[in-house]
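Inspection log for the structure reproduced underneath, given as structure tokens.
The values are calculated or read from the model by the stated rules, or taken from the named source; none is laboratory data. Being a predicted model, the structure only gives us computed values, none of them experimental. Keep in mind that these areas ignore ligands, DNA and RNA; they rest on the heavy atoms of the full protein, side chains included. Shrake-Rupley method; radii C 1.70, N 1.55, O 1.52, S 1.80 Å.
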Amino acid sequence: MTQTTQSQPAAVHGMTAVGWHVEIEFEEDDHRTRAAALLRLPDGNEVRAHGYASRHPSDANQPRVGEEVAGARALNELAMKLLTKAHDEIDEASGRTSHPLR
């Protein structure tokens, strides 16, 4: 299953909104779900992240719940990678060490 979100550039109060395209793909078996997230940035760079969910044997088999948990974990990792990338770019552009972004 693939879920995508995409925004188109739009003028908002004289500013241009830029959209990013994020793909999340899931692999599932009876007990585990793996999510792979891919963000394609406008400059051509890609950021990838993964998330996992495991079903306890006593829990009902609810694939969508596993997708939600694994997907959220992949998006969380993606967010942290983006913060690190931005932090590194700030340091490179300024020539000094910046405060960590949170």
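Bin width 10 Å, alpha-carbon pairs only: give the P(r) of segment 19-102 as whole percents, running from 0 to the bin holding the largest distance.
Per 10 Å bin, starting at zero, the Cα-Cα P(r) for segment 19-102 comes out as 18, 36, 26, 14, 5, 1 percent.
Ignoring ligands, DNA and RNA, how do Arg64, Arg40, Arg34 rank by accessible area with a 1.4 Å probe, largest first?
Heavy-atom accessible area, descending, gives Arg64, Arg40, Arg34.
Pull out the extension gain between Asn61 and Glu89, defined as 0.36 nm times the separation in residues minus the alpha carbon to alpha carbon distance; nm, one decimal.
On the way: separation 28, 0.36 × 28 = 10.08 nm, distance 4.33 nm.
That pair, Asn61 and Glu89, stretches by 5.8 nm at full extension.
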